[in-house]
Structures are given as structure tokens and as C-alpha cells.
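Below is one structure, written out as C-alpha cells; comments come after it.
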Amino acid sequence: MTLGILIRFANSAATLPDVLSAVRSQSLQPDVILGIDSGSSDHSKQLIRSAGGQVIEWTNRYEHSKVLNFGLKHLQTDLVLVLSSHTVLKDPETLSRMVEAMHDPRAACVSLKWDADPFYSDNIDCHELRSKGLKFGSIYSNSMGMIRRSLWEEQPFDESLETAEDYAWAIHQLHLGNVCRRLALPFRYRRSGDNRDYEFALIVFRLARKNGLKVTWLGLRTTFTAWLTAIFRRQSDAAQHRARLAAYCRALLT
């Protein structure tokens, strides 16, 4: 199977050298690297090209799903690793292990695990999703996730979503009878941009309602108590609790 890497970026010269160096260190090399530039004014484009990649321009307002769909239209490889411009793959066997996971014909995608939380298995199917419900943590991530491009052609990322387009796409694939694989391999990730706890939580509640799934969380009363406790103790997770409360209430009204 052929492999492409899709990197969307904007003024990412501070992080791209490490990202691209890690790609060059992989035991399995991609057939093509494609960068999508969202209006960079630094030398990000030159970094991609120096690494042997190609660059295309996105001139509209940046939106995750639209930029990704735009880039995937320009890639013709069987598999595509969607990689953020600030995600460094620390294990040189990462690409090899991910492609190996995609040899399973049922696998729609595979991504690296954000943490060691054992709530979901490493081979998630629709039965597991329905029995366990949704958590505020994606079963697949477009920060470091590989997809089967033929399935994306049938179902592109939902451009009506502000974020969590990866979560929605993965859920759709599970409903089709496919599986989402996960791998516990090391990576370094530096988030940029605004906090999206509220937007992501709102979409999770809406996705759960749309798909007839429960949301596995602390619940309204416990989250409210945790929010007040975090405020009193000046803990950093107060904002996250508040965002989930606001998202829950908004989801009930819309």
C-alpha cells in the first residue's frame, strides 16, 4: 500500500524541523509528503520542500475539516497519515507499525494514543462504542492518525463541524462495520491556538445524541461540584469543568 503524509501548517517554522526530522528518521519512508499552507509568512514552505515535500496553498479561512478535505483531494496514496505541524513521532518504527495495523482489511484508521487510559481497547468496533459510550477523548485523532483514503472518498470529513471532525468520521466508520486501531507509541505534541474544550464537548454531546450513544462523563451534578471545588482550590481544571457544563446545557437547548 502506498503512503502519503499530509501536514497542514501556518507559520510553523519553529516546530516543523523536528517534525520533518522525525519523519526522515522513520524506517518506513512515505511515498509523498504534502503540506497545506494556510497563509504562512515565515519559511515553513521552504522547510517542507527541503524535506522533499510538495506544498499547496489554502487561501480561505482556516477550518480543520475543509483544509483536510482539500489536501486529501490532492493525494492519491492508499493510506494517508494526517500529521499536525507540531507532532513529533519519536519512535522510528511508528510509520511501519501504523501501516502494519492497516493491513487489517477492517481497519478504517489508526492513531497514536493520547494517554494510557484503558477505557477503550486498541481495536474499537461498533459494539464496544455502543456498550461504553463516548468520552471526551477521541478514538481517532487527526493530529497523528492514518486513514484509508478509499473510505475518505466515500465519506469526507464533515465540513459543518468546527472541530472533532476526526471523532465524527471515526464514529461513522464504526457504524459501517469497520474498526479504529490505536497504538501506544511515543510522540511529542505542542498544542497551539485557542482552547477548544467547550466546542469539543458540545460536539461530543451532539454526536452522542445523533448516534444514540451515551456520554461517559462525571454527569451534571458531579461536574458542577468538581467545578466549584476546583475554583475554591484554584485548580487548573476548573475551566474544563465549566466548559463541559456549558456545553451540556447548550446541547439540551439545540
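Here are some notes:
- When the stretch 22-33 is limited to residues that are touching a strand residue (DSSP E or B) at 6+ places or on another chain (Cβ under 6 Å) and either β-branched (Val, Ile, Thr) or part of a helix (DSSP H, G or I) (or both), the one that is surrounded by the fewest Cβ atoms within 10 Å (Cβ to Cβ) turns out to be Val32.
- The stretch 51-75, subset farther than 20 Å from Glu165 by Cα and without any contact (Cβ under 8 Å) to a residue 24 or more places away in the chain, residue surrounded by the fewest Cβ atoms within 10 Å (Cβ to Cβ): Thr59
- Residue, nearest to Leu6 (Cα to Cα), within the stretch 113-151, restricted to residues that are within 15 Å of the chain's Cα centre (by Cα), open to solvent by 10 Å² or more (accessible area, probe 1.4 Å) and in contact (Cβ under 8 Å) with a residue 24 or more places away in the chain: Ser143
- Scope the stretch 34-50; condition of a type outside the set (Ser, Thr, Tyr) and open to solvent by less than 20 Å² (accessible area, probe 1.4 Å); matching residues: Leu34, Gly35, Ile36, Asp37, Ile48
- The residues on offer are Val88, Val19, Val80, Val110, and the sole one that is touching a residue at least 60 places away in the same chain (Cβ under 8 Å), closer than 30 Å to Ser160 by Cα, in contact with a His (Cβ under 8 Å, 6 or more places away or on another chain) and surrounded by 14 or more Cβ atoms within 10 Å (Cβ to Cβ) is Val19.
- Residues that are over 23 Å from Gly133 (Cβ atoms) and open to solvent by 30 Å² or more (accessible area, probe 1.4 Å) number at least 2 in the following helices (runs of 4 or more DSSP H) confined to the stretch 155-254: 220-232.
- Verdict on Val99 being modelled with pLDDT of 95 or more, more than 14 Å from Leu183 (Cβ to Cβ), of a type in the set (A, V, I, L, M) and not in a loop (DSSP other than H, G, I, E, B): no
- Filter result for Pro105 (open to solvent by 30 Å² or more (accessible area, probe 1.4 Å), in a loop (DSSP other than H, G, I, E, B) and closer than 17 Å to Arg188 by Cβ): no
The values are calculated or read from the model by the stated rules, or taken from the named source; none is laboratory data. Computed from a prediction, not measured in an experiment: that's the story for all the values here. Neighbour counts are summed over all protein chains in view; Cβ atoms, including those assigned to glycine, are modelled from backbone coordinates with ideal geometry. Surface accessibility is based on the protein's heavy atoms, side chains included, excluding ligands, DNA and RNA. Shrake-Rupley method; radii C 1.70, N 1.55, O 1.52, S 1.80 Å.
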